[in-house]
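Below is one structure, written out as structure tokens; the observations come after it.
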Amino acid sequence: MMLDDLRMISMLDWLENDLLLTIDSCEPASSDASFRRYFRIKASEGQFIVMDAPPEKENIEPFIRVAGLLSRSQVNVPTIFQQNLIDGFLLLEDFGSECFLDRLNAHNVSKSYQSAIDTLFNLQTNTVIENCGLPSYNEPLLQRELAIFEDWFLNQWLDIQIHPSIWETVRTLLVTSALEQPIVCVHRDYHSRNLMVLKDGSPGVIDFQDAVVGPVTYDLVSLLRDCYISWPNQLVEQWMIQYYQRLLRAGLITCHAVQFKRWFDLMGLQRHLKAVGIFSRLHIRDNKSNYLNDIPRTMAYITAVCKTYPELAGFSDFLQNNVLPAYDILSSCSSKKGVGEAFVLL
């Protein structure tokens, strides 16, 4: 019997014999880039989501702790009805199956993003970061994330090396920029796939278990320069400046708009480098090759920012002369789209 089948039996045993639910149906709801799985169950008592997080691979305690923290900050997170820490199961409120990515279009994007930005503002202004128990987005963590790009994308997938001096310049610039920003609660994956469409118009926020205390621009750039959907630069900058002014009025920042834009761009570059590395790792290590489809869009963000800042000229040349040609050759062999075909909506 497969291990997944054993976990399914264990999960149903917990639901039916421990929680005394009368299960009518149990179907996969979603999966993500981790080892967690989600099931939608329909029972006489209602409809729920069950998180299946194998204890040897996933720790559900951060999810429980951060859910409580964000709920107190007036962020819509799923209610946790029951927990099984030993076996790695949670019985959760069902936010439905439609995320922002499923419904975003040119007609509703402004309204949808306004609700997402309002929720982000609540997260950043209502969450007291002192003694909140969240880890710090510190230099070691930033460096480990950047190493994912070099290891999994450059070295393992493209089989190319970056000159140490060029890479050191990039890492120093991005880490310095991140650490000089005001700090807030950071969701760390605040994008269209993790915002669920709820009836009241405000998003249901999921996948928050990796939250940290870190740079103020991180979640904003994650939302506005989403790895899974793109918007025109003019619109992105309009949203960014509006949020900058909102943070300014709230006293969370005191910098000039030019400085905030620089933080925003460089924070996005750090995040997108990490994301490309993670997409490559999911393909190579976990056989989740569908994430390769999101590399062109993400690489387009990276190359655009690198062309903007003179300090990144060496890295920009390396991308243009080494990375993109190698990527396009490999993508052609894999029948994947090249970077030049990154999809832009609107």
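Going through the stretch 174-215 one residue at a time, which ones are outside any strand (DSSP E or B) and more than 22 Å from SER112 (Cβ to Cβ)? Steps first, answer last, please.
Of the stretch 174-215, the ones outside any strand (DSSP E or B) are 174-182, 187-194, 197-203, 206-211.
LEU174, VAL175, THR176, SER177, ALA178, LEU179, GLU180, GLN181, PRO182, GLN209, ASP210, ALA211, listed by residue number.
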Practice task
Could you check, for the stretch 102-110, whether at least one of its residues is without any contact (Cβ under 8 Å) to a residue 12 or more places away in the chain, outside the structural domain of GLY201 (by TED's automatic domain parsing) and assigned to a helix (DSSP H, G or I)?
Solution key: no
Problem - Residue list for the stretch 136-193, filter: in contact with a Gly (Cβ under 9 Å, 6 or more places away or on another chain) and of a type outside the set (A, V, I, L, M, F, W, C) - result: SER136, TYR137, ASN138, GLU145, GLU150, ASP151, HIS163, SER165, THR169, GLN181, ARG188
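Residue check: is THR303 among the polar types (S, T, N, Q), modelled with pLDDT of 95 or more and farther than 26 Å from PRO164 by Cβ?
Numbers: among the polar types (S, T, N, Q): yes; modelled with pLDDT of 95 or more: yes; farther than 26 Å from PRO164 by Cβ: no.
Criteria not met by THR303.
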Practice task
Write out, first by first residue and then by second, each pair whose Cβ atoms fall under 7 Å of each other, whose residues are 6+ apart or on separate chains, and whose first residue, in the stretch 59-81, is not assigned by TED's automatic domain parsing to the domain that holds GLN124 and among the acidic types (Asp, Glu) while the second is in a helix (DSSP H, G or I) and surrounded by 22 or more Cβ atoms within 10 Å (Cβ to Cβ).
Solution key: none
Practice task
Being under 19 Å from ALA275 (Cα atoms) and outside any helix (DSSP H, G or I) is the filter here, so list the residues in the stretch 296-337 that pass it.
Solution key: LYS336, LYS337
Practice task
Looking only at the stretch 230-257, count how many residues are in a loop (DSSP other than H, G, I, E, B) and of a type in the set (Phe, Trp, Tyr).
Solution key: 1
Practice task
Please specify each residue of the stretch 119-133 satisfying the condition of being modelled with pLDDT under 95 and among the aliphatic types (A, V, I, L, M).
Solution key: VAL128, ILE129
Fill in the blank from the handout: In the set VAL236, VAL212, VAL128, the lone residue that is in contact (Cβ under 8 Å) with a residue 24 or more places away in the chain and either among the hydrophobic types (A, V, I, L, M, F, W, C) or not assigned by TED's automatic domain parsing to the domain that holds PHE264 (or both) is VAL212
Handout entry: Of all residues in the stretch 277-292 being in a loop (DSSP other than H, G, I, E, B) and basic (Lys, Arg), the one that is surrounded by the most Cβ atoms within 10 Å (Cβ to Cβ)
Key = LYS288
Practice task
Hey, can you tell me all the residues within the stretch 88-101 that are modelled with pLDDT of 95 or more and assigned to a loop (DSSP other than H, G, I, E, B)?
Solution key: GLY88, ASP94, PHE95
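The values are calculated or read from the model by the stated rules, or taken from the named source; none is laboratory data. Please read these numbers as outputs of a predicted model, since none were measured by experiment. Here Cβ is always computed from backbone atoms with ideal geometry, including for glycine, and neighbour counts include all displayed protein chains.
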